[in-house]
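Remarks on the structure that follows.
Rule-based calculations on the coordinates, nothing more; no lab input. Model, not experiment: these values are computed from the prediction. Backbone-built Cβ (ideal geometry, glycine too); neighbour counts: all protein chains shown.
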Amino acid sequence: MTDITESPEWSALAEHHTALAGRHLRELFAEDPERAERMAVSAADLYLDYSKHRATGETLRLLLALAERAGLRERIDAMFRGDHINVSEDRAVLHEALRLPRDARLTVDGQDVVSDVHAVLDKMSGFSDRVRSGEWTGFTGKPITTVVNIGIGGSDLGPAMAYEALADYADAGITARFVSNIDPADISGKLKGLDPEQTLFIVASKTFGTLETLTNAKVARQWLVDALGDEKAVSRHFVAVSTNAQRVADFGIDTDNMFGFWDWVGGRYSYDGAIGLSLMLAVGPERFREMLSGFHAMDEHFRTAPFEQNMPVLMGLLGIWYNDFFGAQTRAVLPYSQRLHRFPAYLQQLTMESNGKSVRADGAPVVAQTGEIFWGEPGTNGQHAFYQLLHQGTRLVPADFIGFAQPFEDHDSDEGGMHDLLTANLLAQTSALAFGKTAEEIAAEGTPAEVVSHKVMPGNRPTNTILVPKLTPATLGALVALYEHIVFVEGTIWGIDSFDQWGVELGKVMAKDLAPALTSAEPPADAPDASTKELVRRYRELRGR
Ligand code: F6P
């Protein structure tokens, strides 16, 4: 494996950046009237306008050459074939298999992956139908009305994001709550007002060894047993999602009520499998399968479309362009949909746990800047909070704007339909970010001379606009798969293993070691460092220990 920054393709991009950095989007649009039509691509019902990028045909040609140099085509084939591309854990990376249709064929490490996946989906569907119809009842014979998913990271963010996103499709009167944090306020708050007789807990953990999840699950179990007065109630009110049947059994959950998955699904890539059980209970198996078909459509596009028309490839390469050549520090994701208010948080784990790496897959140091920092809020809330910095700050913040043509519901206002106003805001923002407003234009409006510079909108701020007909299960699936593959493209260029997450392990071990020092009656004997020792002492003092 060679260092990509040493390649002639990287050098050519660096040179090209020097030539292009001083050019304004106003000029690029003026020189090329067909730009908006040409720099657009459709896939799986998503339309991407990438014309508002500080890029020309030459930029794209050079970025595509870089992708070729990094072996992107071979890497895509290797992933879809089930090669062990997660090298540090020696695992295949096959979240795409979670959405393969029933008649597809894929055997990996001697195992018929498609039939395994559909066996779990069928089990989830059967269970969901029983719960949703009221056939599955709680211990006292009452139907389930609330599902509480207990999990963290990939075992929380995906189902929580998608449950919110598809709230309009929840049609069986089942609501879901999500408990993740080891902060006792989380479980206490989420248990408040629940009827134990009608509550089902899903303990979701790939490893079934995560402290937060097991601790919260124990609190929930105690709450249930206290309320219903019988240990036997647990089997009607607790199910598990995990890859580890032994630990599920040890916890006291009947493995008949366990929904499995496999080590070739990373936690942050898992909500389209059994980890999505809470979502399936809310929206039903049919909607869940529609979502899988949207994922699959984007997978197929990514696998087969030529790179110059391949949405994840283009978006991934443009991400590299800003991150590595313009030195952009972050990337904003701005969904113009209140339903997607958890989407940026979901993407943070997907992208940053995947690509926050400083060694390459072969263990050598990475020279390039890796790991885009994703953040965001739904528009228009963000406009009234941080967009000022996007428009006039000194930093370059590339942004992805995501909009939907049809609302689920709409209301009239004095200015027109609310949804049209929402969309008008999206379009206005991307236009203002790209083209800005010059000092001459501002002065011509009669602005006092001393105020003109304050009002100048520099523009030249790049954006993607993703326009989608409607937020449906299928388009949500396509959107999530799009970002999964963007992560893959970027990870491939940097030459890193996007599928391990060793960096979160040390803190977990240290927290376990430190806990006794906080709680014991004895003063702390040891602490990892002087600062931590002093903080432990002060904390104990504040707790009266
Ligand atoms: O924080 C690290 C991590 O391992 C994530 O990758 C994962 O999604 C999360 O913890 C939860 O893990 P599990 O599903 O095994 O409980």
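Looking only at Cα atoms, what is the convex hull volume of the range 254-405 per residue, in Å³?
With only Cα atoms used, the range 254-405 gives 177 Å³ per residue.
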For the range 401-489, report the convex hull volume of the alpha-carbon atoms normalised per residue, in Å³, without decimals.
118 Å³
log10 I(q)/I(0) for the chain, Debye formula on C-alpha points only (no solvent), q = 0.07, 0.13 Å⁻¹, two decimals, reads -0.45, -1.35
Spelling out what I want: for every residue of the range 26-35, take phi, set θ = phi - 60°, compute 6.51 cos²θ - 1.76 cosθ + 1.60 (Karplus), and round to whole Hz; glycine and proline get x.
4, 5, 4, 6, 5, 6, 9, x, 8, 3
When the Karplus curve 6.51 cos²θ - 1.76 cosθ + 1.60 is applied with θ = phi - 60°, which whole-Hz ³J(HN,Hα) does each residue of the range 306-313 get, with x for Gly and Pro?
x, 4, 6, 10, 9, 4, x, 5
Between helix 285-304 and the chain, what is the angle of the helix's C-alpha long axis to the longest principal axis, kept within 0 to 90° and rounded to the nearest 10?
40 degrees
Compute the normalised compactness of the range 312-383: alpha-carbon radius of gyration over 2.2 N^0.38 Å, N being the residue count.
1.24
Counting other Cβ atoms within 10 Å of each Cβ, which GluC sites (Glu not before Pro) in the range 370-472 have at most 15 and sit in a DSSP loop?
409, 415, 445
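Arrange 156, 195 by Cβ neighbour counts within 10 Å, fewest through most, would you?
With the sparsest Cβ surroundings first, the list reads 195, 156.
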Whole-number D in µm² s⁻¹ for the range 457-545, Kirkwood Cα-pair radius fed into Stokes-Einstein, 25 °C, 0.890 mPa s:
133 µm²/s
Report, by chain and number, residues whose modeled amide H sits under 5 Å from the one on residue 359, excluding near sequence neighbours (fewer than 5 apart, same chain).
366
List the aspartates and glutamates whose Cα sits under 19 Å from the Cα of residue 232, skipping any in the same chain fewer than 8 residues away.
135, 195, 197, 250, 254, 256
Jot down the per residue volume, in cubic angstrom and as a whole number, of the convex hull over the alpha-carbon atoms of the range 204-256.
64 Å³
Exposure proxy check: 29, 251 ranked by fewest other beta carbons within 10 Å?
29, 251
Whole-Hz Karplus ³J(HN,Hα) for the range 381-386, in order, using 6.51 cos²θ - 1.76 cosθ + 1.60 and θ = phi - 60°, x for Gly and Pro?
4, x, 4, 8, 10, 10
Within the set 357/512; 357/508; 206/508; 218/508, which residue pairs have Cα atoms separated by over 22 Å?
357/512
Could you tell me which residue out of 88, 518, 146 lies farthest along the dipole of the chain toward its positive end? Charges go on the beta carbon: Lys and Arg +1, Asp and Glu -1, centred on the Cα centre.
518
Order by protection proxy (mean Cβ within 10 Å, highest first), peptides 396-404, 37-45:
396-404, 37-45
Please order 49, 324, 103 by the number of other Cβ within 10 Å, starting at the fewest.
103, 49, 324
Restricting attention to the range 383-461, which trypsin sites (Lys or Arg not before Pro) occupy a DSSP loop and are surrounded by at most 16 other Cβ atoms within 10 Å?
395
Listed by chain and number, the residues whose amide H is under 5 Å from that of residue 404, excluding neighbours fewer than 5 places away on the same chain and using placed H, are 468
Rg over Rh of the range 1-141, using C-alpha atoms and the Kirkwood radius, what does it come to?
1.18
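Report, in deg cm²/dmol and to the nearest 500, the calculated mean residue ellipticity at 222 nm for the chain, where each DSSP H run with n ≥ 4 adds -39500 (n - 2.57) and the sum is divided by the residue count.
-13500 deg cm²/dmol
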Taking the range 363-515 on its own, what percent of its Cα-Cα pair distances exceed 20 Å?
67 percent
DSSP loop trypsin sites (Lys or Arg not before Pro) in the range 45-131 with at most 16 other Cβ atoms within 10 Å of their Cβ, which ones?
102, 105
